[in-house]
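Report on the following structure.
The values are calculated or read from the model by the stated rules, or taken from the named source; none is laboratory data. Just so you know, these numbers come straight off a predicted model, no measurement behind them. We place every Cβ from the backbone using ideal geometry, glycine too, and count neighbours over all the protein chains shown. Just so you know, the surface numbers come from the protein's heavy atoms only, side chains and all, with ligands and any DNA or RNA stripped out. Shrake-Rupley method; radii C 1.70, N 1.55, O 1.52, S 1.80 Å.
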Amino acid sequence: MYRLNYTQLNKKQVEDVLAKATFAPKSASGFCSKLVGKTLKIVLDKLPVEGPSLEYTFKTDTKLALIENGAAAVECDYGALSLKNITLFSHMVPGTKRGYTVIVNWDTTVVTAYEMWFIDYEGEVIDTNVAFLNTEEISKLPPFINREVQRQCYYGYFEEAGKTPPEQRDKLTLQLENCMIKWCEDRGKHRLTTYTSTTFTTLVELDTPDGGDVLTLVADLLQINDSMFIHCFGEVEYSGRLSVEVFDLFSMKKVGVCMGIDEDDAFEFELYKSKGDYLGRYAAFFDFNDKGDQYSTFITDRIDFSVKGARASYRPSFMAKKPTVDEITEASKDIKLFGAGMATEMVMASAHTLPDSDYCVGKECTFRGDDGYAVDLRFKTITELEYRMEGEKDWKTEVYRAVELDEDFIVFGFYRSGSNPPANFSFAIDFNNGLATCISSIMGSKYDLRDPVPSYHFGIIEMKGLTPIRIFRHGFTDELLGRAFTQSYSDAMSSVHIYNAPHSYSWTIINNAAPGSPANRAGGYVWSSPCEYLKFRDELYAMIWVEQKWSGGLCTLFRNLRTERECGFGYGLTHDAKSIGMHKMGAKSRDAGRIDLSGIFTLHNFDVKS
């Protein structure tokens with residue numbers, strides 16, 4: 001999963017693509033003629049970035065004349081679509097690498113305009129074989145990927161004789177936070193969209209071979225009125241294309257435009273219409289009095305929005321060093337287990353862990369998977385055990401941690417010292433009925449050496465005095481699909497998990513505000529990963545994910561829905577590829593709602609084109 005690899009085009013290659021392209025947009029539904037014969041003089045505000053002056057004369061439904069900042073008129077191909085009292089039109093400027101998408105409100109004269117462009121310089125090459133950057137460092141870099149479309153949002157109005165300029169503007173909003181809509185587009189795309197924050201959106205492409213992946217995209221979400229919204233999202237870390245949309249929650253219709261370079265490195269410029277199905281909304285966690293029209297300090301501390309094109313973006317592919325086999329071998333000599341030194345490196349470093357359990361101390365047992373996978377175990381103390389793979393003669397001593405997550409239900413994990421490639425174990429054992437699950441992982445997928453690859457073994461525990469049940473087993477489940485939960489890992493960091501695909505999910509990181517002040521939830525950073533869901537008992541589950549194309553960190557998270565507590569283990573290579581660590585994690589959890597997705601993820605729906 002998550003292997004959507006796009007050509008790293010340089011400046012000249014982007015220019016070659018544009019040189020071959022026609023700037024006339026396409027549309028499967030044709031264009032509207034509402035603008036034909038009209039002239040528009042658009043006045044844009046000076047903040048946060050001073051907007052250009054734009055004067056348009058619309059000659060036909062596909063040709064316009066543009067006067068930009070008082071320069072000579074330029075004829076442009078354009079396309080327009082209308083939705084109720086709103087018209088969206090889009091065009092490129094001939095002889096340049098840029099264009100505009102303009103959204104006009106005929107009732108209020110309010111205009112929101114997006115300038116769209118490819119950077120006009122050679123982007124910086126970040127070679128993760130030798131270097132990597134953290135979130136703060138990346139946010140301070142100028143745009144550096146040539147194929148990515150940049151954007152700047154301008155607010156303003158169009159002049160109308162006899163009318164006073166409006167004071168209102170389309171504005172940033174939290175009104176749609178965690179709302180999920182399935183959109184069916186006239187260009188054949190079926191998309192499951194979740195509006196996770198003012199700065200990020202998640203998207204599941206239901207028609208594609210990788211339709212199980214939850215993709216996270218940078219976004220702007222603006223409110224026009226109580227039912228109508230503007231959604232602009234860029235495919236950062238993927239194709240780099242930019243889309244600008246207007247949609248209406250009354251009629252559940254949408255119009256939009258997509259501009260950029262597609263998977264085949266051809267220029268794409270297309271307007272589209274959509275019909276939506278409102279699926280529901282997960283809980284939102286901003287303060288009741290938060291209007292959502294300002295970015296959170298979590299965002300503004302990192303992003304200077306007075307810089308043209310500035311946007312919050314998450315670039316995990318540049319946030320960890322790409323290791324060699326030799327470097328992983330060397331890192332396996334520096335193992336950090338369940339202690340200090342890894343808190344800033346491991347996924348979801350935790351202060352809300354559950355206490356270590358001595359439940360297993362003195363017990364001897366064998367895990368026996370139905371697939372023939374078997375491990376002998378002897379628990380010596382609360383933190384030390386011995387194990388051997390079946391067929392081996394010698395026992396190995398390891399440091400472990402165990403937690404009693406439910407009555408007679410124990411989860412524990414340990415690193416397999418001396419393993420190369422590095423490997424670890426997580427176990428879930430039900431000492432009431434003898435059922436057990438072993439999650440074994442080994443570092444190094446066929447895509448990336450730093451990615452652990454988990455394997456799942458379902459079976460029983462053989463132990464004196466315990467007779468396992470014969471028929472049932474732990475196993476994979478879809479019972480968590482469509483659910484959302486909050487996790488508070490410490491007093492300083494929380495997150496929202498949304499389980500919006502059968503084998504993938506997204507998370508929103510929410511850092512707490514200063515003590516005594518309400519937390520503004522308007523812009524947590526969002527990303528997503530492939531994952532698997534397991535069920536052990538009613539209300540007892542696990543969710544296992546690997547942060548592919550980034551840290552490679554493996555998290556095995558066990559959850560008791562009755563106690564609303566989570567525990568588990570984080571495991572992986574440090575960002576600098578110099579050490580390997582495994583740590584215990586834990587969180588206080590809350591149910592954040594559910595949406596019925598049972599009819600979305602079916603083989604039939606993955607084939608449907610209507």
Taking the range 432-447 and keeping residues open to solvent by less than 20 Å² (accessible area, probe 1.4 Å) and assigned to a loop (DSSP other than H, G, I, E, B) leaves G434
In the range 176-226, anything farther than 23 Å from E148 by Cβ, open to solvent by 10 Å² or more (accessible area, probe 1.4 Å) and in contact with a strand residue (DSSP E or B) (Cβ under 6 Å, 6 or more places away or on another chain) is listed as K182, C184, D186, D207, G212, Q223
Flagged pairs (Cβ under 7 angstrom, 6 or more apart or on separate chains; first in the range 359-381, open to solvent by 10 Å² or more (accessible area, probe 1.4 Å); second assigned to a loop (DSSP other than H, G, I, E, B) and of a type in the set (D, E)) are D376/E390
Exactly one of G276, G292 is closer than 19 Å to Y155 by Cβ and open to solvent by less than 20 Å² (accessible area, probe 1.4 Å), and that one is G292
Over the range 29-63, the set of residues in contact (Cβ under 8 Å) with a residue 60 or more places away in the chain and either part of a strand (DSSP E or B) or open to solvent by less than 50 Å² (accessible area, probe 1.4 Å) (or both) is L40, K41, I42, V43, L44, D45, V49, G51, P52
When (1) under 28 Å from the mean Cα position of the chain (by Cα); (2) closer than 28 Å to V204 by Cβ are applied to S490, the one that fails is (2)
By residue number, the members of the range 548-593 that are within 18 Å of P530 (Cβ to Cβ), of a type in the set (S, T, N, Q) and either in a loop (DSSP other than H, G, I, E, B) or open to solvent by 10 Å² or more (accessible area, probe 1.4 Å) (or both) are Q548, S551
Within the range 457-478, the count of residues that are exposed (fewer than 12 other Cβ atoms within 10 Å of the Cβ), over 19 Å from E364 (Cα atoms) and touching a residue at least 24 places away in the same chain (Cβ under 8 Å) comes to 1
Item to check | Test result for E268, touching a residue at least 12 places away in the same chain (Cβ under 8 Å), closer than 27 Å to K182 by Cβ and open to solvent by 10 Å² or more (accessible area, probe 1.4 Å) | outcome: yes
Checked K38, K11 against criteria (more than 22 Å from T112 (Cα to Cα) and modelled with pLDDT of 95 or more); the one match is K11
